[in-house]
Amino acid sequence: MTLLAGSREQPANTDGATLRKPGDVGLEVRDAPVVQGDHGGQHANRAQTASRAAARAVDYLRREQRPEGHWKGELETNVTMDAEDVLLRHFLGILDGSTLRAAARRLRGMQLSDGPWATFHGGPGELSATVEAYVALRLAGDEPSAPHMGAAARWVREHGGVEAARVFTHVWLAMVGRWDWEDLPSVPAELIFLPPRWPFSIWSFACWARQTIVALAVISHHRPARALPFGIDELRSGQPRPPRHLTLLGRAMVGFDKVLHRYDRATWWPVSAVRRAALREAERWIVARQESDGSWGGIQPPMVYSTIALVLQGYTLDHPVIAAALHCMEAFTIDDDTGRRIEACQSPVWDTALALVGLADAGVPATDPMVTRAQEWLLSQEVRVVGDWSVRRPGLAPGGWAFEFANVNYPDIDDTAEVVLALRRAGAGQPAGPACHRGTDWVVGMQSSDGGWGAFDADNNSSLPRQLPFFDFGEVTDPPTADVTAHVVEMLACEDHRSPEWDAALRRGVEWLTANQEPDGSYWGRWGVNYVYGVGAVVPALVAAGVPSDHPAVAGAVRWLLEHQNSDGGWGEDMRSYVEPDWKGRGASTASQTAWALMALLAAGERNNEATARGVDWLVATQDEQGTWDEPWFTGTGFPWDFSLNYHLYRHVFPLTALGRYATGSGPKAMA
């Protein structure tokens, strides 16, 4: 493979008239050769139509920008967040009637017709979500005899009963006195003392799992049970919990868990002294990582479990640490006509970076006040302190950006790459230079030894944590993935003046991407759904790095996209593609996924392909009167299959980017 990343040659513009329409601020549309199947001026008309749609989308972003300069779309999850918020408030003794009624209204409205609750729009019923929603509704006064409750309980029993729910659901039930702590895997607090390189140390886990497991170790020691005023026998099937499919090591860990349970019950002095020291160290570790907004890591699970752990350690609800946490939880709450729902996280930095890229691709100039405010806000969010990532990369200077409003302990590589790209694309100029340089240096330093990049840590790819009996849900490590690696490659490729270290990192990143392509030409998407997201990230990155469009990696990805276009002209992919091969590249057309496909096709030089034309037509036809798109489907990923996300701004910023690139010919090929 010949890497042409050092090239700064620009593709020749297609000859043709420049077309502008009123309101198309900065949008320059050039004619291109007519595509097969187009007649007369249809191609030029399509470019004009795309330009007008992009201008409407720009106006929408102008209206939606917050006074501080950022954008923040809702981060929609599922009813487990809402149910667990109810259980948390019961546990803490702060559950009031107004909150409970609003949460119950939301839960009832999300129930499927046959009784269960799903974890993503259009998805099947999910056992643990259904158990947690049912228990929360029981707290709200819904009786088992009510038709909707009877249907839910019947569905739970038919699918293995509460016995088959995941471990985290059993933890919640244990905390409210409806599950036996003895039937849960042990999480010894002494894990806090294991050195970073030891197997099963907290540093073997991804940052989100690390912050959760330290708090759960404290909770597991205390074994609290603040009982519900009712039983849940109607959810029991009477059958044992189905066994997990474990490796030989995993089965050994199940056996070792029995030893840990005996250790937990030991009261003789050496054991109790070590346990007390471990609890003190875990408490110190947790408090030291609380963010300025009161959260932990800016995400719901560590925030909730850390609050509970500290309360069990003796912190009162009016203690500043707990008060700040409770205040932050309220900031993660949305209360409207549908009821009360909880965001698992908030994504202002990510949303703002993506919005800036879209505005740049639509031709909005750097001098536009909307753009300058966003640039200034992003620069104010730069992380300049050393975080937990330094355990694997000691001596690396800090830099970069986090995903959330406040998460200095865990800036992430994906956001940093996208912010640097956004600032460069939006023409931030000299004020952004030092921050972009620091962020790029930090990202390069976080490259894993195999040449790829994970989201938060370097070389966080041990297979051992997954074998622990506790973890039957979600991802617990943070290995390199195609989407994150692609965003870094694109960022590095678009830097004008690369150091030898940056060039070497870029080359290794491209090699990682070409080596990790799926046999059918697609790329697995870790943080977006799924193969469409992976291809939409990788192809623009490879092209920006100078990989030619006829290279097997690019050509194979394009071929896969063309084979998976829907009959209506759009692209879509269901969450089930993470676990069921038949769903790969298959699903209802969505605005965000159609945009990802178009971004890849445009980068690969397929602007005149009929598939591209049909995709553009689909986006234009589905834009609403407000200038945005409706998208109830979940196209974001927290944990593949296990935890799905609907970024409400994805439906807007990615179509804007795709339409802008189609109308103006911008994008990776045109980046300096």
**OP:** Estimate the FRET efficiency between residue 335 and residue 158 by the formula 1/(1 + (r/R0)^6), using the beta-carbon distance for r and 30 Å for R0, to the nearest 0.05.
**Re:** 0.35
Original post:
For residue 386 and residue 258 in one chain, what is 0.36 nm times their gap in residues minus the Cα-Cα distance, to one decimal in nm?
Top reply: 42.2 nm
**OP:** Can you figure out the FRET efficiency of residue 562 with residue 267, using R₀ = 45 Å and their beta-carbon distance, to the nearest 0.05?
**Re:** 0.10
Subject >> Ranked 263, 305, criterion: other C-beta atoms within 10 Å, fewest first >> reply: 263, 305
Original post:
In percent, how large is the relative contact order of the chain, given Cα pairs closer than 8 Å and 6 or more residues apart?
Top reply: 18
**OP:** Calculate the spin-label point distance for residue 501 paired with residue 274, positioning each point 7 Å from the Cα along the beta-carbon direction, and give it in nanometres.
**Re:** 4.0
Original post:
Hey, fewest Cβ within 10 Å first, where do 478, 503, 337 land in order?
Top reply: 337, 503, 478
Original post:
To the nearest 10 degrees, how steeply does helix 300-312 sit against the main Cα axis of the chain, on a 0 to 90 scale?
Top reply: 30
**OP:** Calculate, in nm to one decimal, what residue 94 and residue 555 gain on full extension: separation in residues at 0.36 nm each, minus their alpha carbon distance.
**Re:** 160.2 nm
**OP:** Using only Cα atoms, find the angle between the long axis of helix 127-139 and the longest principal axis of the chain, and express it within 0 to 90 degrees, rounded to the nearest 10.
**Re:** 60
Original post:
What does the charge count near residue 528 come to, summing +1 for each Lys or Arg and -1 for each Asp or Glu among other residues with Cβ under 10 Å from its Cβ?
Top reply: -1
Original post:
Around residue 179, which amide H atoms from residues at least 5 apart in sequence, or from another chain, sit under 5 Å from its own amide H, with H modelled in the peptide plane?
Top reply: 174
**OP:** Sort 359, 235 so the one with the fewest other Cβ atoms within 10 Å of its own Cβ comes first.
**Re:** 235, 359
Original post:
Once amide H atoms are placed 1.01 Å from N in the peptide plane, what residues at a sequence separation of 5 or more from residue 118, or on another chain, have their amide H within under 5 Å of its amide H?
Top reply: 112, 126
Subject >> About the Cα centre, charge dipole magnitude for the chain (Lys/Arg +1, Asp/Glu -1 at Cβ), debye >> reply: 1120
**OP:** With a Förster radius of 56 Å, plug the Cβ-Cβ distance of residue 610 and residue 105 into 1/(1 + (r/R0)^6) and report the FRET value to the nearest 0.05.
**Re:** 0.75
Original post:
Given the rule -39500 (n - 2.57) for each run of at least 4 DSSP H residues, summed and divided by the residues of the chain, what is its mean residue ellipticity at 222 nm, to the nearest 500 deg cm²/dmol?
Top reply: -15000 deg cm²/dmol
Subject >> Shape call, the stretch 78-342: gyration tensor on alpha carbons, a/c limit 1.5 >> reply: oblate
Original post:
Helix 79-92: angle to the longest alpha-carbon principal axis of the chain, degrees 0 to 90, nearest 10?
Top reply: 40
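Only the coordinates and a few stated rules stand behind these numbers; no lab work does. Given the structure is predicted, the values throughout are model-derived calculations rather than measurements. Glycine gets a Cβ as well: all are built from the backbone with ideal geometry, and neighbour counts include every protein chain shown.
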